[in-house]
Amino acid sequence: MAEKQQIIDCVNAMAQSVREEQARLTDRVSLDAYAHLVRENDEGHIWTDALQAALREHEIVVIPPADEPYLTDKSILVPSDRRIEAYGAVIRLAQGITTLMLRNEHTEDGTKHPISGSCRDRNIGIAGGRWEEYHTARAGYGKSGRYDEARSFYGVSACMLFGNMDSLVLEDVTFAHTAGFAVQCGDLTRGVFEHIRFDACYADGLHLNGNMEEVLVRDVKGQVGDDLVALNMYDWQNSSVNFGPMRTVLCENLELSPDSRYKALRIEPGMYYYEDGSQVDCSLRDAVIRGVRGIKTFKMYFQTPRYRIGESPERGGVGSADDIFFEDITVDLDVPIDRMQPYMQSDPLRGTFAAFELGANIGRIRLENIDLTLHREQFPLSRLLCIGPKSVRRDDLEIFDPYLSSRAERVELADIRVNGVRIREAGDLVKEIAFDDINGDGRSTAVGVIGEITVE
């Protein structure tokens, strides 16, 4: 059993070690030295070839401040042992480009089978800069941030992609107008994401997928259209190329802007099936999430794409988690995060919603120093925490997965305040959800169970 301070100490030690790796890089050049490779189009100066050549030939590339943005018109590939310093600079994707702005060199697609990991990149850093796309709204999967023109990595939709690598630092970076995920990662060990800002981004901010270990996410703020941070060990095939466990994670000082459209933080364990039928538990172990503001709901459940009643959903299953710590979190649950009819109208069977929604097989989860405001005069079924199946029907479609049971062995509540009053017992603030064939299709019976709950 990992304790909170052990996780914090491990992650902080990792971050220091990764920064020391970056500090050993010394071969430095200014991008201006490659200005002879700049091309021009109707939009302005295209720096793609210059930046790519500089990264091929030098360890550290400095992108100096300039009066106009540095335009790029195809994906920049970053080799191992590299650092980009772009303080004061604006790097912008040229109009009409639908592929990634930047990725590490040796990415792999783990959708059909686990990646080989035979040729991993390492020690890459990006510091500073405003990294912009030209979009004004979310474009949709496959329409922006593609891996290449052929969309050969189907699950990639991002401004930056990092995978199949060790030791990454992304710090002091601002993302703006990204139509897909600002950053997508997976199959990554030793990742540091610190002092990140999002300005009018339209999907997830940090979208972290499976097979990641030792991860620091610190001081991440701004406006996004979906999750500020997503820990999606399992994900839909249009949203990931990396499926597997995640372990030893510290996420702290997260703040979503009030004008962001969707105020959730997704944590998605699940069972993923490869092409040959083998499976992997996309689990989360040893995670601390603390100092969070602006989020209404922490979603910790497996979910398939919507499916028609009577048909089979996408293959998958409930994943697992253990030693998960939430601390120092303020939530004003003034409206359901999903403004769907059962929640808005307090349906007695389907209408429960909560600040913490669980649908995984969890060993231990601890909530500490939580300040929750409920509005039960309008939403009597709102809770601190619920566990179990979810169901919302839209005509003949099921949005969730009401056939999935889940269990939390131990739930610890410490220093929980609801509407300003410290709670002494869980009472009806915690709900175990049970369905008995609620869709009448033989595929909508399940239960959520808590083995033991303590209140401190």
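The values are calculated or read from the model by the stated rules, or taken from the named source; none is laboratory data. Remember, predicted model here, so these are calculated numbers, not experimental data. Virtual Cβ from ideal backbone geometry, glycine too; neighbours counted across all protein chains shown. For accessibility, only protein heavy atoms count, side chains too; no ligands or nucleic acids. Shrake-Rupley method; radii C 1.70, N 1.55, O 1.52, S 1.80 Å.
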| Subset of the stretch 27-58 (residues that are part of a loop (DSSP other than H, G, I, E, B) and open to solvent by 50 Å² or more (accessible area, probe 1.4 Å)) | Asp27, Asn41, Asp42, Glu43
| query | Out of the stretch 266-282, which residues are surrounded by fewer than 23 Cβ atoms within 10 Å (Cβ to Cβ) and of a type outside the set (Phe, Trp, Tyr)? | reply | Arg266, Met271, Glu275, Asp276, Gly277, Ser278, Gln279, Val280, Asp281
| task | Inspect the stretch 338-345 for any residue being more than 21 Å from Asp227 (Cα to Cα), buried (at least 21 other Cβ atoms within 10 Å of the Cβ) and touching a residue at least 40 places away in the same chain (Cβ under 8 Å) and give the result as yes or no. | result | yes
| request: Mind listing whichever residues of the stretch 264-288 are in contact (Cβ under 8 Å) with a residue 40 or more places away in the chain and either touching a Cys at 6+ places or on another chain (Cβ under 9 Å) or farther than 20 Å from Asp235 by Cβ (or both)? | output: Glu268, Pro269, Gly270, Met271, Tyr272, Asp286, Ala287, Val288
| message | Can you tell me which residue is surrounded by the fewest Cβ atoms within 10 Å (Cβ to Cβ) among those in the stretch 188-201 that are in contact with an Asp or Glu (Cβ under 7 Å, 6 or more places away or on another chain) and on the phi > 0 side of the Ramachandran plot? | response | His195
| query | On the given criteria, is Arg306 among the charged types (D, E, K, R), open to solvent by 40 Å² or more (accessible area, probe 1.4 Å) and either over 28 Å from Gly210 (Cα atoms) or touching a helix residue (DSSP H, G or I) at 6+ places or on another chain (Cβ under 6 Å) (or both)? | reply | no
| field | Options Val392, Val455, Val418; residue that is open to solvent by less than 60 Å² (accessible area, probe 1.4 Å), closer than 21 Å to Val318 by Cα and of a type in the set (A, V, I, L, M, F, W, C) | value | Val392
| request: Could you tell me whether any residue of the stretch 376-390 is over 19 Å from Thr330 (Cα atoms), assigned to a strand (DSSP E or B) and more than 22 Å from the chain's Cα centre (by Cα)? | output: no
| Restricting the stretch 92-103 to residues that are assigned to a strand (DSSP E or B) and under 19 Å from the mean Cα position of the chain (by Cα), which is surrounded by the most Cβ atoms within 10 Å (Cβ to Cβ)? | Arg103
| task | Please state which of the following conditions Arg443 fails to meet, knowing it meets all the rest: (1) closer than 25 Å to Leu284 by Cβ; (2) at pLDDT below 95. | result | (1)
| request: For residues that are in contact (Cβ under 8 Å) with a residue 40 or more places away in the chain, under 20 Å from Ala127 (Cα atoms) and surrounded by fewer than 17 Cβ atoms within 10 Å (Cβ to Cβ), tally how many sit in the stretch 1-26. | output: 4
